[in-house]
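Each remark here refers to the structure printed beneath this line.
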Amino acid sequence: MNPNKALWEKGDFTRIAAYMRQSGEAVVKSLGITSPLRALDLGCGDGTTAVPLAHQGAEVTGIDIAGNLVAAGRKRAAEAGLHQLRFQEGDACNLEGVEDHSFDLTLSVFGAMFAPKPFDVAKEMVRVTKPGGRIVMGNWIPNDPTFVSRLLSISSSFQPPPPEGFVSPMTWGVDSHITERFASAGVPKEKISIARDTYHFHSSGSPARFIDSFRRFYGPTMNAYEAAEKSGRSEELHNQLLELAEAHNESGNGGTSIPAAFVRVTVHV
């Protein structure tokens, strides 16, 4: 199986996405959607941004490499009566079957950044976006002191080194890499804007329950725990992640509210 597909079909990312709904809606609201508009949500999961896009009146195609998340998205769309929202399996590195210049907006919030061939991803996003349209990405930032960057950094430190040729998804949070990748797809630097933004994870449960969800349902963290078990370091990993969540929690009522910085990339095609 494609390793990236295996990673995101592991566990149940819908349980993590539940903490991300409010910020997903906020990101979509900030886009100033006016219909009619055809939108692609790439690496859509079960619809954290695809569903609010459809509620705003857009005709939305959500594409994700994980079959279980596509199925969950279809269920959400059906339950909400969103007939203009459809989900399908696909690979951000090769959007086979998607025609050139199909979408007014191509959106990917913490999705396409995890695909293994970033230059191919940039070319595909540019290819399927209409001239005069835009691409918007939300990408986590490497070596950032906020929650998600630290979570991924801690998790990777408990795992074996990645295979030769591996390109870290976190490089999508570096300005020079972003501009280089879109330049290779024919987009000049002056048509790319990059701004720092903040995403929030919200849960009525405690930080301990929040981290337990990552341990049980989030592929990268699940892999870290499996590797830590083999080396006898699972308690060390758990303590580090729990300490991280507690340190970043801004909720004062026993729940969890954790901010995480990301870069918002806007590309005018």
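For this structure, a couple of remarks:
- Extreme residue, farthest from Arg209 (Cα to Cα), among residues of region 1-23 that are buried (at least 16 other Cβ atoms within 10 Å of the Cβ) and in contact with a strand residue (DSSP E or B) (Cβ under 7 Å, 6 or more places away or on another chain): Ser23
- Condition check for Val126: of a type in the set (A, V, I, L, M, F, W, C) and either out of contact with any Lys or Arg (no Cβ under 8 Å at 6 or more places or on another chain) or part of a strand (DSSP E or B) (or both): yes
- Residue list for region 1-34, filter: in a loop (DSSP other than H, G, I, E, B), among the aliphatic types (A, V, I, L, M), within 27 Å of Glu59 (Cβ to Cβ) and in contact with a helix residue (DSSP H, G or I) (Cβ under 9 Å, 6 or more places away or on another chain): Ala18, Leu31, Ile33
- When Ser203, Ser234 are checked against the criterion of being of a type outside the set (Val, Ile, Thr), free of Cβ contacts under 8 Å to residues at least 12 places away in the same chain and buried (at least 16 other Cβ atoms within 10 Å of the Cβ), Ser234 stands alone in meeting it.
- Matching entry among Asp100, Asp104, Asp120, Asp144 (being in contact with a helix residue (DSSP H, G or I) (Cβ under 8 Å, 6 or more places away or on another chain), crowded, with 17+ Cβ neighbours inside 10 Å and acidic (Asp, Glu)): Asp144
- Search result, residues across region 35-65 that are closer than 20 Å to Glu96 by Cα and either assigned to a loop (DSSP other than H, G, I, E, B) or modelled with pLDDT under 95 (or both): Gly43, Cys44, Gly45, Ile65
- Answer residue from region 55-87, given it is among the aliphatic types (A, V, I, L, M) and touching a residue at least 40 places away in the same chain (Cβ under 8 Å) and is surrounded by the fewest Cβ atoms within 10 Å (Cβ to Cβ) among those: Ala72
The values are calculated or read from the model by the stated rules, or taken from the named source; none is laboratory data. It should be emphasised that the depicted structure is a prediction, and the values quoted were computed from it without experimental measurement. With ideal geometry, Cβ positions are generated from the backbone for all residues, glycine too; neighbour counts draw on all protein chains shown.
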